[in-house]
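Asks: Handing you this structure, nothing more for now.
The values are calculated or read from the model by the stated rules, or taken from the named source; none is laboratory data. The model shown is predicted, which means the values in this text are computed figures rather than measured ones. We place every Cβ from the backbone using ideal geometry, glycine too, and count neighbours over all the protein chains shown. Please note that ligands, DNA and RNA were not included when accessible areas were found on the heavy atoms of the full protein model with its side chains. Shrake-Rupley method; radii C 1.70, N 1.55, O 1.52, S 1.80 Å.
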Amino acid sequence: MTRPLTAAQRRLIEAADPGTGRLKGTEAQLTALVKRGLAFRHPRPPHDHFLTPAGHRAREAGGEPPQKEPENPSPGDPGGPGGVFAARVGGETVPRAQGEAARLREVRSAWQGMLELRRMTNPDASTDRPCAWERTHLVQAAALALEASGHRPAGPEGEGGDGYRVRDTPQPDAVAVYAPGPDALRACAETLEGAGWQAGKYTEPRTRRRYVLASPRRV
């Protein structure tokens, strides 16, 4: 179980700037929130602290930390910004206890938090291209962009139905996205391009399976 926040931590989260998520507190208090994945320290002076997407969700929940999801068994990092939210990369088992409406709220909050992270960490404050966190968590970042745009992730193998699947590739800065059919694949590519990724459609030589190869745009 996730341990509850202290009264002081709840007050700090509730008092964060509603627009930017900027926090004010002692160094010890802010460091404690960083360790819990609810805040991050800006890399540039004056090194202010800001809520992560998990911190924003905790504030929306009245100061209670969100419950951690089971680890994602698919390729890619199981955590999101703050290590709590996990975008669905396709193929994982979804907890039945979570309703669709609750998931939509989580995804929406995580995407808004990602845009804020871009604004705060990209040198030019740009939100139209991926930030450093996304470049080191490619699978999760691409999956979040897809899920936040309404694309449905694939379910476990053999359970029927299909959707997108995001997978690692041998290339250090690219992911492969698979989808059922050319129209779905084209839609995934358009979504990623709109989210600041470069995307092109390719064919696997052996299987002839079509996929999108996507990498974060740098300029």
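Asks: Could you look through segment 39-69, keep only residues that are modelled with pLDDT under 80 and of a type in the set (A, V, I, L, M, F, W, C), and pick out the one that is most open to solvent (accessible area, probe 1.4 Å)?
Replies: Ala61
Asks: For Val166, are the conditions met, namely being under 14 Å from Val89 (Cα atoms), in contact with a Ser or Thr (Cβ under 7 Å, 6 or more places away or on another chain) and open to solvent by less than 10 Å² (accessible area, probe 1.4 Å)? Spell out the reasoning first.
Replies: On the way: under 14 Å from Val89 (Cα atoms): yes; in contact with a Ser or Thr (Cβ under 7 Å, 6 or more places away or on another chain): no; open to solvent by less than 10 Å² (accessible area, probe 1.4 Å): yes.
No.
Per-residue answers, yes or no, for (1) out of contact with any strand residue (DSSP E or B) (no Cβ under 9 Å at 6 or more places or on another chain); (2) part of a helix (DSSP H, G or I); (3) under 19 Å from Ala132 (Cα atoms):
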{"site": "Arg11", "(1), (2), (3)": "yes, yes, no"}
{"site": "Ala16", "(1), (2), (3)": "no, no, no"}
{"site": "Ala28", "(1), (2), (3)": "yes, yes, no"}
{"site": "Thr31", "(1), (2), (3)": "no, yes, no"}
{"site": "Gly37", "(1), (2), (3)": "yes, no, yes"}
{"site": "Phe40", "(1), (2), (3)": "no, no, yes"}
{"site": "Pro45", "(1), (2), (3)": "yes, no, yes"}
{"site": "Phe50", "(1), (2), (3)": "no, no, yes"}
{"site": "Arg59", "(1), (2), (3)": "no, yes, no"}
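Asks: If you take the residues of segment 115-146 that are more than 20 Å from Asp173 (Cα to Cα) and touching a residue at least 60 places away in the same chain (Cβ under 8 Å), which of them is surrounded by the most Cβ atoms within 10 Å (Cβ to Cβ)?
Replies: Going through the qualifying residues, I end up with Glu116.
Asks: Mind checking which pairs have a first residue in segment 4-22 that is under 18 Å from Met120 (Cβ atoms) and a second that is among the basic types (Lys, Arg), Cβ under 7 Å, 6 or more apart or different chains?
Replies: Hits for this filter: Ile13/Arg59; Ala16/Arg22; Ala16/Arg59.
Asks: From the list Gly37, Gly25, Gly55, exactly one residue is touching a Ser or Thr at 6+ places or on another chain (Cβ under 8 Å), in contact (Cβ under 8 Å) with a residue 24 or more places away in the chain and not acidic (Asp, Glu). Which is it?
Replies: Details: Gly25 fails: touching a Ser or Thr at 6+ places or on another chain (Cβ under 8 Å); Gly55 fails: touching a Ser or Thr at 6+ places or on another chain (Cβ under 8 Å).
Answer to the selection: Gly37.
Asks: Closer than 30 Å to Pro45 by Cβ and crowded, with 21+ Cβ neighbours inside 10 Å - does that describe any residue in segment 209-217?
Replies: Checking segment 209-217: at least one residue is closer than 30 Å to Pro45 by Cβ and crowded, with 21+ Cβ neighbours inside 10 Å.
Asks: Based on what the data block shows, is Ser149 open to solvent by less than 60 Å² (accessible area, probe 1.4 Å), in contact (Cβ under 8 Å) with a residue 24 or more places away in the chain and among the polar types (S, T, N, Q)? Before the answer, list the steps.
Replies: Details: open to solvent by less than 60 Å² (accessible area, probe 1.4 Å): no; in contact (Cβ under 8 Å) with a residue 24 or more places away in the chain: yes; among the polar types (S, T, N, Q): yes.
In short, no.
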